[in-house]
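Report on the following structure.
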């Protein structure tokens with residue numbers, strides 16, 4: 001005769017997906033976003049490093065000298081390229097770690113915490129570099145009428 005105080009174990013349904021499927025889908029999205037970060041960062045670096053603008057500067061009546069403007073002539077643009085380079089290197093490292101975690105079947109909470117912290121740090125660095133480069137580019141485009 002069963003005791004009244006013993007609880008029965010709840011029955012598990014066979015239709016529920018395993019908990020790893022939700023985790024592995026998140027890891028697949030994580031890997032895809034890290035590849036997207038690498039691709040866009042690499043394109044931005046290539047565009048910044050290979051671009052130049054030439055302007056003809058008049059030095060005398062009827063005489064103009066071409067003057068090139070490149071990214072390495074402005075500290076803000078150098079900072080922008082350096083920040084993008086660090087972000088690309090970081091995306092390669094975290095891509096490898098994410099793929100290894102995907103192959104292993106899961107990611108630890110400690111690694112997730114580190115990803116979040118370093119992702120936020122890199123976001124701040126790249127945002128600051130983008131703001132600095134954008135400010136210099138805007139002044140180069142529109143000028144500063146107050147000075």
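Using a 7 Å offset from the Cα along the Cα-to-Cβ direction at both residue 64 and residue 142, what is the distance between the two label points in nm, to one decimal?
Using points 7 Å along Cα→Cβ, the separation is 2.6 nm.
Could you line up 40, 109 from fewest to most neighbouring Cβ atoms inside 10 Å?
109, 40
If neighbour count is taken as other Cβ atoms inside 10 Å, put 113, 95, 77 in order from fewest to most.
Least crowded to most crowded, the residues run 113, 95, 77.
Fully extended, how many nm does the chain gain between residue 24 and residue 72 (0.36 nm per residue separation, minus their Cα-Cα distance)? Please list the in-between numbers first.
Working: separation 48, 0.36 × 48 = 17.28 nm, distance 4.26 nm.
Roughly 13.0 nm would be gained on extension.
Percent of Cα-Cα pairs per 5 Å bin, from 0 to the last occupied bin, for segment 21-142, please list those.
For segment 21-142, the pair-distance distribution reads 2, 10, 16, 18, 13, 11, 9, 7, 5, 4, 2, 2, 1, 1, 0.
Each value in this text was obtained by applying a stated rule to the coordinates, not by laboratory testing. Since this is a predicted model, take the numbers as computed values, not measurements. We place every Cβ from the backbone using ideal geometry, glycine too, and count neighbours over all the protein chains shown.
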